[in-house]
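What follows is a set of notes on a single structure, which appears directly below.
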Amino acid sequence: MRKFNIRKVLDGLTAGSSSASQQQQQQQHPAGTREPEIQETLQSEHFQLCKTVRHGFPYQPSALAFDPVQKILAVGTQTGALRLFGRPGVECYCQHDSGAAVIQLQFLINEGALVSALADDTLHLWNLRQKRPAILHSLKFCRERVTFCHLPFQSKWLYVGTERGNIHIVNVESFTLSGYVIMWNKAIELSSKSHPGPVVHISDNPMDEGKLLIGFESGTVVLWDLKSKKADYRYTYDEAIHSVAWHHEGKQFICSHSDGTLTIWNVRSPAKPMQTITPHGKQLKDGKKPEPCKPILKVEFKTTRSGEPFIILSGGLSYDTVGRRPCLTVMHGKSTAVLEMDYSIVDFLTLCETPYPNDFQEPYAVVVLLEKDLVLIDLAQNGYPIFENPYPLSIHESPVTCCEYFAGCPGDLIPALYSVGARQKRQGYSKKEWPINGGNWGLGVQSYPEIIITGHADGSVKFWDASAITLQVLYKLKTSKVFEKSRNKDDRPNTDIVDEDPYAIQIISWCPESRMLCIAGVSAHVIIYRFSKQEVITEVIPMLEVRLLYEINDVESPEGEQAPPLPTPVGGATPQPIPPQSHPSTSSSSSDGLRDNVPCLKVKNSPLKQSPGYQTELVIQLVWVGGEPPQQITSLAVNSSYGLVVFGNCNGIAMVDYLQKAVLLNLGTIELYGSNDPYRREPRSPRKSRQPSGGMLIVTSCMYGLSSLYSESVKKLQSSLSGLCDISEGTVVPEDRCKSPTSGSSSPHNSDDEQKMNNFIEKVKTKSRKFSKMVASDIAKMSRKLSLPTDLKPDLDIKDNSFSRSRSSSVTSIDKESREAISALHFCETFTRKADSSPSPCLWVGTTLGTVLVIALNLPPGGEQRLLQPVIVSPSGTILRLKGAILRMAFLDTTGCLVPPAYESWREHNVPEEKDEKEKLKKRRPVSVSPSSSQEISENQYAVICSEKQAKVISLPTQNCAYKQNITETSFVLRGDIVALSNSICLACFCANGHIMTFSLPSLRPLLDVYYLPLTNMRIARTFCFTNNGQALYLVSPTEIQRLTYSQETCENLQEMLGELFTPVEAPEAPNRGFFKGLFGGGAQSLDREELFGESSSGKASRSLAQHIPGPGGIEGVKGAASGVVGELARARLALDERGQKLGDLEERTAAMLSSADSFSKHAHEMMLKYKDKKWYQF
């Protein structure tokens, strides 16, 4: 029975009453001590949550538009999103509230506005003259389905075609309907007996604004005279129409059809097309019609002054081209270029030099919106090369499987990654600059470097520069290069855990200071990388195979006969390096034919050329055991100062010295507990040839930290050395300090068991000296992995979240079995035991059952000794338990500052060894950034532990629970990070119920609790991460990263940091009509649309036809609710016209005065000649 300490209760009551606002928080102190008060600077006002920017390719794109004067590109999506792109670094994301698909976008060219048409039959006017665009007006059609829109250049009247075949006209200033309507039955011939179908095209004649070309889906095209309100010509074709385009002179137009044909029509010859083309059809003999092809979805007709026009089309391929990729076809004169695309074409636009439709278009590029990419083709160069895309649209090049975010990296890191990444760039791009270059950059208020790392399904890892809310790819690493690739499915071994993507990245562990990178893949493989600026050729890829088991193999197992590929070294014996010339065997099987000792992937055995950048240091693979595949890795950590990497899964934990290429630790999770296992473990259900050994007491032992298990008691006695003493004596579970008040006594042994255990330990101590040499040599030779035939039954009452262990509530069903996986790993220099007077290197281990254990590390001196002497690891038992799986651990010094793990500063590894050896050794010395190195013995540290349910702050070395916070009762934490903000630190959590919360440290005061977004899919859970300076991100769609901030300061500065989409640009000059066209009335004919469509002449539209909805606000620089951006410009244009008229009047008056002066001069000259020779008296 535990002793009841009244002092602890009184201290806890005192601490609780000092903070009435925190009912869940508890402070507990041992007798005679007080926790030092730490001044916390973070307050609730330092926090505010808001989205910052969205990067990546717009998910499920559906519409495209371009402003040729502002040079801005707009993309709409099927989820109602709107993405705007200007010059590289100028991007904007907007969202329609309805979430309906965007079917069409129309810029008000050079006026800072955009009209979007949605699938729910609404039109929206966006104001782009502000950094965060907002909707000014909306119009909801109630009785008609919108199918097509057209807004002529420099017009305020928008033509809207509908599914019924009617055309309505909208004033974009007031966003109201005109009374002018073109009804379908008036547009088509009266003799026609069928409906022409929905409107698929509207455009006005480039040379006559009063003539409107209307294309109906059935194949009928009508040229409508707006003034006389009747059809001038009707053009009919047997095949359905998909798109129509004008020649700039207004005398011809081209239609694309569903049978893969193009028809070119003369405006004045409606009887039949002047030319019919089947671009991809096979021309048959005897003048027969070519074979039908797939529909041509869109065509554009662009003219040039100096050559043949361009006809550009998508689709139209022959039906017999099965499996051929989507194509864009460019026809220029007699040449036809077919450009294959990687994905389906959604839309394309031709970029031209002029916005005026009645001038030579002079096309210079084609922007192609694909299903998963954006391609820009240079029309001015031979071969039509593509432009190098400067936008970060390749995030999804392979599906993202995990990501990490680092803010405040070393300053030299981004240039180093950029320099090695620059060598990876493809060649053959267009030499011209990216033509979409509108807008202006924002002010870079944030000056710290930020890096995002994404892991992908194909095994690639990408590094991105994310500084100042931009995103740019720096470097790409292909981790699959070290493995042999099977050329076809038949060659693929039967060892794959997954059928597809065997190289997919699951976990990334990165040390920015040392540039060491470690990844864990889906095939239970771990690869350690070292950064180098030198190219190297690795003759043999260093490799280790680890046999990580969960249960003891039965007697028939060939384990005694088979040596593992790599014996596990122990302390006191030299770690076994990998064979330098050959890889371990990868093709062994057990006696009963089960696959055994086989890794999932085969490492290349040929020399590997490694380019500058990240180069393989070591490949570690878990192997199949007794016909069972290795379990996927659940946690990973690397430390450059110690030269160690550690990883765990649901079977156990393994630690590897990557400098000596040796396995240091290979333990089942249960073995980490030693004799203090708090959980009741049930044997797994028996299988064939497997005999669970019922109640046998198995003591986990460590020789200098390396565990070995024997089935006989004699072997147990031999192997139980000083490591066992460490576990049994120094690791009393401090549960009486940290346990929840609802917990019951969970001591795993009664007093008799403890007495027996103590006697057993004493025997081990007396025998240890005799057996030490013999055991050391035996263990170095023996097969490492023996495990327990048990499975975990945590007996946690999930409903009340308490720690009561019910002896009767065992779950024996295999379907409900749960293993205790390693869920968190953290290297640090801290106090391992209560009696420690100074911090020492160790590894803290968190499990899915909420247990935190510590493994002490005894590192040899630096320099050459580090490579010769073994690292000694000693499991030290349980420190504490929390509710839920452990997610994150961190350490604070006595002042409350974060204690980062020790690291070794980066140095070039591939330099000749003859260089200054002293300097080399000096650089090799670990850099401990821990303030604890200068701490006095009386000073302490705090361990911060965050689990799925709660957070605790533990005072070290006393191991008292100083603070505790229950984060959530009904949900669970998906991601928790200890981050720096405003020269302080806090704990940031994202819960499955959508809440983002922050807590002060070390007191765990709640500072922020905001509902952000619910967990709608596993992608968010897999990719959400917090980082320093109030930054966070997650994958919002398979192709896009959403960044957000929880910092008040960043929210306030965000407006300045965002780029501007609209910049004042003078519109290009209108084409010159020429003398003769002006004289004889040729050239473009203007139309007074105001007079034609205004209320005075056309009346009001029916109120039931459409409903006007005022915008939600955000109007900058727009006066009045009804006057949009266009109105301001219209008024400015009117003022300019008035000024021009006045200048014209002045010019006329000046001309009249000149004429009068000339006549006066002439008259005076004549008078002078008349009277020149006469005398005065002759007058």
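The values are calculated or read from the model by the stated rules, or taken from the named source; none is laboratory data. Treat the numbers as computed from the prediction; the structure is a model and nothing was measured. Glycine also receives a Cβ, built like all others from the backbone with ideal geometry; neighbour counts cover every protein chain displayed. Heavy atoms of the whole protein, side chains included, go into the accessibility calculation; ligands, DNA and RNA do not. Shrake-Rupley method; radii C 1.70, N 1.55, O 1.52, S 1.80 Å.
Of all residues in the range 833-855, those satisfying the criterion of being more than 18 Å from Gln959 (Cα to Cα) and open to solvent by 10 Å² or more (accessible area, probe 1.4 Å) are Thr848, Leu849. All conditions in (1) open to solvent by less than 10 Å² (accessible area, probe 1.4 Å); (2) at pLDDT 85 or above; (3) of a type in the set (Ser, Thr, Tyr) hold for Ser905, with the sole exception of (1). One residue stands out in the range 127-145 among those that are under 34 Å from the mean Cα position of the chain (by Cα) and assigned to a strand (DSSP E or B): the one that is nearest to Glu111 (Cα to Cα), namely Asn127. Condition test on Ile377, is it farther than 26 Å from Thr77 by Cβ, in contact with a Phe, Trp or Tyr (Cβ under 6 Å, 6 or more places away or on another chain), of a type in the set (A, V, I, L, M, F, W, C) and at pLDDT 95 or above? Answer is no for this residue. Is there a residue in the range 281-300 that is over 23 Å from Pro196 (Cα atoms), modelled with pLDDT of 90 or more and not in a strand (DSSP E or B)? Looking for residues that are over 23 Å from Pro196 (Cα atoms), modelled with pLDDT of 90 or more and not in a strand (DSSP E or B), one finds none in the range 281-300, hence no.
Among the strands (runs of 3 or more DSSP E) confined to the range 327-386, the ones with at least 2 residues that are open to solvent by 60 Å² or more (accessible area, probe 1.4 Å) are located at 335-340.
From the list Ala992, Ala980, Ala943, the lone residue that is modelled with pLDDT of 90 or more and either touching a helix residue (DSSP H, G or I) at 6+ places or on another chain (Cβ under 6 Å) or open to solvent by less than 10 Å² (accessible area, probe 1.4 Å) (or both) is Ala943.
Could you say whether any residue in the range 405-414 is in contact with a Phe, Trp or Tyr (Cβ under 7 Å, 6 or more places away or on another chain), open to solvent by less than 30 Å² (accessible area, probe 1.4 Å) and modelled with pLDDT of 95 or more? No; the residues of the range 405-414 include none that is in contact with a Phe, Trp or Tyr (Cβ under 7 Å, 6 or more places away or on another chain), open to solvent by less than 30 Å² (accessible area, probe 1.4 Å) and modelled with pLDDT of 95 or more. Here the range 863-876 is the region considered, the condition is being surrounded by fewer than 23 Cβ atoms within 10 Å (Cβ to Cβ) and in contact with a Leu (Cβ under 7 Å, 6 or more places away or on another chain), and the residue that is nearest to Cys842 (Cα to Cα) is Arg866. If the condition is being open to solvent by less than 50 Å² (accessible area, probe 1.4 Å) and touching a Ser or Thr at 6+ places or on another chain (Cβ under 8 Å), then the range 182-208 contributes Ile188, Pro196, Gly197, Pro198, Val199, Val200, His201.
Just one of (1) at pLDDT below 90; (2) open to solvent by less than 30 Å² (accessible area, probe 1.4 Å) fails for Lys425. It is (2). Of all the residues in the range 81-95, those that are assigned to a loop (DSSP other than H, G, I, E, B) and more than 26 Å from Gln154 (Cα to Cα) number 2.
Taking first residues from the range 159-175 that are among the small types (Gly, Ala, Ser) and partners that are not in a loop (DSSP other than H, G, I, E, B), the Cβ contacts under 7 Å between residues at least 6 apart in sequence or on separate chains come to Gly161/Thr147; Gly161/Phe148; Gly161/Ile167; Gly161/Val199; Gly161/Ile202; Gly165/Trp184; Gly165/Val199; Gly165/Phe216. When Gly442, Gly438 are checked against the criterion of being in a loop (DSSP other than H, G, I, E, B) and in contact with a helix residue (DSSP H, G or I) (Cβ under 6 Å, 6 or more places away or on another chain), Gly442 stands alone in meeting it. So in the range 997-1021, with the set limited to residues that are in contact with a strand residue (DSSP E or B) (Cβ under 6 Å, 6 or more places away or on another chain) and closer than 15 Å to Gln1042 by Cα, which one is least open to solvent (accessible area, probe 1.4 Å)? In this case the residue turns out to be Ile1020. The number of residues in the range 497-511 being buried (at least 16 other Cβ atoms within 10 Å of the Cβ) and either touching a Pro at 6+ places or on another chain (Cβ under 9 Å) or at pLDDT below 70 (or both) comes to 4. Does Leu317 fit the bill of being open to solvent by less than 40 Å² (accessible area, probe 1.4 Å) and either of a type in the set (Phe, Trp, Tyr) or at pLDDT 90 or above (or both)? Yes; evaluated as a whole, the condition is true for this residue. Scanning the range 106-121 for residues that are open to solvent by 10 Å² or more (accessible area, probe 1.4 Å) and not in a loop (DSSP other than H, G, I, E, B), we see that the one that is nearest to Thr354 (Cα to Cα) is Phe107. Ala890 satisfies every condition listed in (1) of a type outside the set (Val, Ile, Thr); (2) open to solvent by 30 Å² or more (accessible area, probe 1.4 Å); (3) assigned to a strand (DSSP E or B) except (2). Please enumerate the residues belonging to the range 183-215 that are touching a Lys or Arg at 6+ places or on another chain (Cβ under 8 Å) and under 16 Å from Trp157 (Cα atoms). Those that are touching a Lys or Arg at 6+ places or on another chain (Cβ under 8 Å) and under 16 Å from Trp157 (Cα atoms): Asp204, Asn205, Glu209, Gly210. Does Val338 fit the bill of being touching a strand residue (DSSP E or B) at 6+ places or on another chain (Cβ under 6 Å) and not hydroxyl-bearing (Ser, Thr, Tyr)? Judged against the criteria, Val338 is a match.
The single condition among (1) open to solvent by less than 10 Å² (accessible area, probe 1.4 Å); (2) of a type in the set (Phe, Trp, Tyr); (3) in contact (Cβ under 8 Å) with a residue 60 or more places away in the chain that Phe153 does not meet is (1).
With respect to the conditions (1) surrounded by fewer than 20 Cβ atoms within 10 Å (Cβ to Cβ); (2) under 27 Å from Trp510 (Cβ atoms); (3) free of Cβ contacts under 8 Å to residues at least 40 places away in the same chain, Asn858 falls short on a single one, namely (3).
A count restricted to the range 147-161 and to residues that are among the β-branched types (Val, Ile, Thr) and either more than 38 Å from the chain's Cα centre (by Cα) or under 17 Å from Leu226 (Cβ atoms) (or both) stands at 1.
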